[in-house]
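J.: A single structure is presented below for examination.
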Amino acid sequence: MHRARKRFGQNFLQDEGVIYSIVALIKPAPEMHVIEIGPGLGALTRPLLRNLEQLDLLEIDRDLVAYWNQQNLDGLKVIEGDALQFNFSEWAKNRTDKKGLCKVVGNLPYNISSPLLFHLVAAANDVDEQIFMLQAEVVERMVATAGSSEFSRLSVMMQARYDMELVLEVPPEAFDPQPKVNSAVVRMIPRKDFDLSSTQWGALEQVVAAAFSQRRKMLRTNLQAYSERLKLTEIELKARAQDISVQRYIEWAKILAA
Ligand code: SAM
């Protein structure tokens, strides 16, 4: 029997009701292309495979890769690898018949969730939807609106690229072993109106990082290096990073990259 490994963030889903709800949110259909990050022992994998013609698995734990290879299940492709290094864009572009929606799903290892979310941005042009279980606090920050205390660098960067919704809250008892924190499922759909070049995206990363570098300080201080070029208003100079809308950050990125 497989012993859960902490270093790979292994908390396996047990609750049938929660598993059913997550699979229903993914809405598997025969022509759909899905890659599951971290299948573990298959809580989501098996019910997904019942409704898909093909499912790709990306797993870092060699023992679990061997386990899935032994199962020899029709339609399953097992990829041994680190999701942080994997080229999701290439995966999406190379899928066989290119019909049907292309989705990245998973009950993610919480220890790498932020870097993984940023890594996936590079594939947002090629992927239709992402459905992830994450630490609830991270999902709350992802969907937080400007003005709220959870509104952060992660909120701005993710909302600039995706339309997002917290779709399910999951308590620790749904897992074995139980995590110390609450979990939540987020649906992420790449924004149709996204129009930033890679230079503009880089400028957005820079200005957002600077704005949030000292949360309590006014933008007059945090954006000192940029304030002239951005022509910040008096109100903006006195505001804090968490009071500025995602749209305004996007406008600033465009000015800085011009
Ligand atoms: N999907 C299973 C479930 O819901 O019960 C397992 C989820 S468990 C929270 C996270 C899974 O991600 C584990 O299978 C773990 O080995 C795998 N994992 C951890 N780090 C990874 C990485 N960098 N790349 C790919 N898979 C990873």
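J.: Got at least one residue in segment 136-144 being touching a residue at least 24 places away in the same chain (Cβ under 8 Å), out of contact with any Lys or Arg (no Cβ under 9 Å at 6 or more places or on another chain) and loosely packed, with under 15 Cβ neighbours inside 10 Å?
T.: Here is the first cut: in segment 136-144, the ones touching a residue at least 24 places away in the same chain (Cβ under 8 Å) are 136-140, 142-143.
Among the residues that remain, those that are also out of contact with any Lys or Arg (no Cβ under 9 Å at 6 or more places or on another chain) are: 136-140, 142-143.
Those still in the list that are loosely packed, with under 15 Cβ neighbours inside 10 Å too: 137.
Within segment 136-144, one or more residues are touching a residue at least 24 places away in the same chain (Cβ under 8 Å), out of contact with any Lys or Arg (no Cβ under 9 Å at 6 or more places or on another chain) and loosely packed, with under 15 Cβ neighbours inside 10 Å.
J.: Okay, moving on. Scan (1) surrounded by fewer than 16 Cβ atoms within 10 Å (Cβ to Cβ); (2) more than 9 Å from the ligand (Cβ to nearest atom) for the single condition LEU84 breaks and write down its number.
T.: (2)
J.: Tell me which helices (runs of 4 or more DSSP H) are completely within segment 1-120 and hold 1 or more residues being under 18 Å from ALA174 (Cα atoms), or say none if there are none.
T.: 16-26, 45-49
J.: From the list LYS192, LYS217, exactly one residue is within 30 Å of ASN107 (Cβ to Cβ) and open to solvent by 80 Å² or more (accessible area, probe 1.4 Å). Which is it? Outline the logic, then answer.
T.: Values: LYS217 fails: within 30 Å of ASN107 (Cβ to Cβ).
One residue alone meets the criteria, LYS192.
J.: Could you check segment 26-69 and list, in sequence order, the residues that are under 10 Å from VAL105 (Cα atoms) and either touching a Lys or Arg at 6+ places or on another chain (Cβ under 6 Å) or more than 10 Å from the ligand (Cβ to nearest atom) (or both)?
T.: Selection gives ILE26, VAL34, ILE35.
J.: Please go through (1) open to solvent by less than 40 Å² (accessible area, probe 1.4 Å); (2) touching a strand residue (DSSP E or B) at 6+ places or on another chain (Cβ under 6 Å); (3) in contact (Cβ under 8 Å) with a residue 60 or more places away in the chain for ALA29 and return the number of the only condition it doesn't satisfy.
T.: Every listed condition holds for ALA29 apart from (2).
J.: Let me ask another. Among the residues that make up segment 121-144, is at least one of them in the same structural domain as PRO39 (by TED's automatic domain parsing), within 14 Å of the ligand (Cβ to nearest atom) and either among the acidic types (Asp, Glu) or in a loop (DSSP other than H, G, I, E, B) (or both)?
T.: No; the residues of segment 121-144 include none that is in the same structural domain as PRO39 (by TED's automatic domain parsing), within 14 Å of the ligand (Cβ to nearest atom) and either among the acidic types (Asp, Glu) or in a loop (DSSP other than H, G, I, E, B) (or both).
J.: Now for a separate question. Residue by residue through segment 9-25, note down the ones that are open to solvent by 50 Å² or more (accessible area, probe 1.4 Å) and either more than 11 Å from the ligand (Cβ to nearest atom) or closer than 18 Å to PRO109 by Cβ (or both).
T.: Answer for segment 9-25, where residues must be open to solvent by 50 Å² or more (accessible area, probe 1.4 Å) and either more than 11 Å from the ligand (Cβ to nearest atom) or closer than 18 Å to PRO109 by Cβ (or both): GLN14, GLU16, TYR20, ALA24.
The values are calculated or read from the model by the stated rules, or taken from the named source; none is laboratory data. Source: prediction; values computed, not measured. Here Cβ is always computed from backbone atoms with ideal geometry, including for glycine, and neighbour counts include all displayed protein chains. To get the accessible areas, we keep the full protein, side chains included, count just its heavy atoms, and leave off ligands, DNA and RNA. Shrake-Rupley method; radii C 1.70, N 1.55, O 1.52, S 1.80 Å.
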